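Every read-out reported here was derived from the displayed coordinates using simple, explicitly stated rules and does not represent laboratory data. The model shown is predicted, which means the values in this text are computed figures rather than measured ones. Counting neighbours? That spans all protein chains shown, and the Cβs are built from the backbone with ideal geometry, glycine included.
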Amino acid sequence: MSDIFSRIEHSRTADEVVQQIESLILEGVLRTGDRLPGERELARQFDVSRPILRDALKALEGRGLLTTKAGGGTHVADVIGQLFTKPVTDLISTNRKAVTDYLEYRREVEAVAAEYAARRAMPEDLALLDRIMARMDEAHRTGDFDDEAEIDVEFHHAVCECAHNIILLHTLRSCYRLLSEGVFQNRLLVFDVPGAREALLEQHRSIHTAIKAGDPIAARKAAMDHITYVERSMAEAERSGDWQRVSRLRLRQRLDAGDIEATRKRS
């Protein structure tokens, strides 16, 4: 991890260290699972004594923001998952209407995130978004389905970060957690719709282009069009799956009935 921590300029107390790490977690600079530098290096970056640093880390761990693994260092705790508890995610995963509500919510919130991103993205944000878009292009070119699905979520994370709104950041991260944990398995059906992979790539590119151009209206529209397409494609894929299931049952029934009739005539 590069030097993201700043030298404590004044009192050099544990509280100063705590506040800085809290801010980095809240702003999304430090993410769930990120490992902090070792004690010696971290004390150097903050320019505080190691006893002061230990007090700060202990306080943050006591508040559930950091976790220490034996022999594994200090990591940012899983603070995002607390927005959706496991009992709630289990209910969501088995409720058909929840998928529709989830996409409806994402369409509106991601529209705001894309609009803000077009207004607020810094050059460093755009550089990160460029890198993710390039990886998405490569995954599409090589046909690596798993990479494509993973980068899809990462792209939306990055757009949200470009919006520079703390509440949007953590709310949408919690939403995307449902995707990365496979709560909505049927979302993968979208990739089976003819032409969907190409359409999704172009939609992501449209969002990316609008944000880079600083066009909030176009960014908002592109984000909404994308989720609307996903919603429509999921419905189409599920409908096609139902049709295929029924067709197979009909074929099996007709074949079985034909076998029975043929046996009856021979007897």
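Observations, loosely collected:
- Gaussian network model of the chain, springs between alpha carbon atoms under 10 Å - residue of THR89, THR171, THR13 with greatest fluctuation: THR13
- Length added when fully stretched, ALA127-ASP144, from 0.36 nm per residue minus Cα-Cα: 3.8 nm
- Net charge of neighbours whose Cβ lies under 14 Å from the Cβ of THR209, counting Lys and Arg as +1 and Asp and Glu as -1: -1
- Cβ-Cβ FRET estimate between ASP137 and ALA213, R0 fixed at 25 Å, reported to 0.05: 0.85
- FRET efficiency for SER6 and PHE84, using Cβ-Cβ distance with R0 set to 25 Å, rounded to 0.05: 0.15
- The value for segment 14-76 of Rg(Cα) / (2.2 N^0.38 Å) is 1.00.
- The modelled label-to-label distance between SER93 and SER23, using points 7 Å beyond Cα along the C-beta direction, is 3.9 nm.
- Value of relative contact order over the chain, rounded to a whole percent, pairs C-alpha under 8 Å and six or more apart: 18
- Sites LYS69 and GLU41, calculated FRET efficiency, Cβ-Cβ separation with R0 22 Å, nearest 0.05: 0.80
- Per residue of the chain, the DSSP helices (runs of n ≥ 4 H) give a summed -39500 (n - 2.57) that works out to -24000 deg cm²/dmol at 222 nm.
- Computed extension length for THR32-ASP15: 3.9 nm, one decimal, from 0.36 nm per residue of separation with the Cα-Cα distance subtracted.
- Choice from SER233, SER11, SER23 showing the highest fluctuation, given a GNM over the chain with Cα pairs closer than 10 Å: SER11
- Using only the C-alpha atoms, the convex hull of the chain corresponds to 185 Å³ per residue.
- All other residues whose Cβ lies under 12 angstrom from that of ALA121 are scored, Lys and Arg at +1 and Asp and Glu at -1, for a net of -3.
- Spatially proximal lysines relative to LYS97 (Cα-Cα < 27 Å; intrachain offsets below 8 disregarded): LYS86, LYS221
- Packing rank of 91-99, 156-164, 204-212, 30-38, where each peptide gets the mean count of other beta carbons within 10 Å, highest leading: 156-164, 204-212, 30-38, 91-99
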